[in-house]
Amino acid sequence: RWSRREDVRSMQLRFSLRIVALYLFFSIQSLFCNLAEEAVEQADYLYSCGETEKLYQLLLQYKDSDDAEFLWRLARASRDLSLLAHIAADEKKRLTFEAFEYAKKALEKNEACFAAHKWYAVCLSDIGDYEGVKVKIGNSYIIKEHLQRAIELNPKDATSIHILGYWCFAFAELAWYQRKVAAMIFASPPTATYEEALAFFLKAEEVDPNFYSKNLLMLGKSYMAVKDQGNAVLWLRKARDYPPHTEEDKEVHKEALDLLRKLSA
């Protein structure tokens with residue numbers, strides 16, 4: 001009789017210990033999830049404030065993470081840091097390749113993450129600046145595919161749409177001799193028109209009005225390219241009047257002013 005009672009008590013104890021262990025497991029898991037969410041929120045706040053260096057230092061703590069949400073943000077932060085005016089050329093190159101590796105890892109961890117596709121495309125384009133024209137043109141096919149995939153996963157992301165517009169604009173404005181070189185290297189080099197670029201920039205503005213100073217500028221430049229001076233002036237004025245929060249915003253302001261002077265002349 002006593003033996004049976006002891007067996008029952010032993011079973012009850014084991015069951016209780018398992019319940020406690022499960023509770024602790026889920027509590028710790030919940031704690032880590034909350035900490036991760038807080039870190040992402042802090043990162044997004046720093047990004048919105050233009051605190052590039054602080055953001056980079058924050059996200060660098062998560063460089064070995066398996067979470068694509070940290071990794072693509074770290075890719076973006078590394079890239080943004082490389083673009084700061086005071087960054088030396090060798091450090092800029094290091095950060096550019098580092099950004100690509102983080103974006104690549106983010107994509108490996110979560111293929112369904114639209115932002116991972118977007119920043120993989122952007123960072124792949126950046127490293128092409130160091131690897132020569134042939135590699136850059138070859139990569140352009142891959143870049144376009146990842147941008148299209150990003151838009152497919154999130155049609156409301158204005159930035160992905162803008163970047164695809166920029167891709168089109170870049171190939172539309174290739175000089176004839178550059179097209180000839182591209183045709184010698186590739187049987188069918190990438191092509192695009194200013195009208196295609198314009199459509200993407202307008203779509204980005206429709207999805208998220210006034211979201212990015214560069215999109216306003218590119219709308220102005222696209223209208224200039226298709227000889228629509230009225231709309232060109234309209235969008236260039238919007239780019240000029242956009243409140244500058246980042247160094248890029250200041251560059252956009254300056255370029256918009258210069259183009260408006262040319263148009264008025």
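The values are calculated or read from the model by the stated rules, or taken from the named source; none is laboratory data. Quantities reported herein were computed from a predicted structural model and do not represent experimental measurements. FYI the Cβ positions are ideal-geometry reconstructions off the backbone, even for glycines, and counts take in every protein chain you see. Accessible surface areas use protein heavy atoms only, side chains included; no ligands, DNA or RNA. Shrake-Rupley method; radii C 1.70, N 1.55, O 1.52, S 1.80 Å.
With respect to the numbered conditions (1) open to solvent by 50 Å² or more (accessible area, probe 1.4 Å); (2) assigned by the TED database to the domain that holds Lys136; (3) in a helix (DSSP H, G or I); (4) not aliphatic (A, V, I, L, M), which one is the sole condition not fulfilled by Thr191?
(3)
Give me a count of the residues in segment 227-252 that are under 30 Å from Tyr47 (Cβ atoms) and surrounded by fewer than 19 Cβ atoms within 10 Å (Cβ to Cβ).
Summing the residues that are under 30 Å from Tyr47 (Cβ atoms) and surrounded by fewer than 19 Cβ atoms within 10 Å (Cβ to Cβ) in segment 227-252 gives 13.
One line per residue, one yes/no per condition, for (1) over 20 Å from Tyr56 (Cβ atoms); (2) free of Cβ contacts under 8 Å to residues at least 40 places away in the same chain:
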position	(1), (2)
Ile127	no, yes
Gly138	yes, no
Thr159	no, no
Gly165	yes, no
Lys180	yes, yes
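Phe200 - would you say it is outside any helix (DSSP H, G or I) and not acidic (Asp, Glu)?
So Phe200 does not fit the description; no.
With in a helix (DSSP H, G or I) and open to solvent by less than 70 Å² (accessible area, probe 1.4 Å) as the only criterion, which of Tyr177, Tyr102 stands out?
Every option except Tyr102 fails the conditions.
Of the residues Glu206, Glu255, only one is at pLDDT 95 or above, open to solvent by less than 70 Å² (accessible area, probe 1.4 Å) and acidic (Asp, Glu); which?
After ruling out the rest, the residue left standing is Glu255.
If you go through segment 146-162, how many residues are assigned to a helix (DSSP H, G or I), out of contact with any helix residue (DSSP H, G or I) (no Cβ under 6 Å at 6 or more places or on another chain) and surrounded by fewer than 20 Cβ atoms within 10 Å (Cβ to Cβ)?
Of the residues in that region, 2 qualify.
Restricting to segment 163-189, and then to whatever is among the aliphatic types (A, V, I, L, M) and touching a helix residue (DSSP H, G or I) at 6+ places or on another chain (Cβ under 8 Å), can you tell me which residue is farthest from His117 (Cα to Cα)?
Restricting to residues being among the aliphatic types (A, V, I, L, M) and touching a helix residue (DSSP H, G or I) at 6+ places or on another chain (Cβ under 8 Å), the top hit is Val181.
Select from segment 105-115 the residues that are small (Gly, Ala, Ser) and part of a helix (DSSP H, G or I) and write down the one among them that is nearest to the chain's Cα centre (by Cα).
Ala115
Within 18 Å of Tyr212 (Cβ to Cβ), in contact (Cβ under 8 Å) with a residue 60 or more places away in the chain and among the hydrophobic types (A, V, I, L, M, F, W, C): does that describe Leu83?
Answer is yes for this residue.
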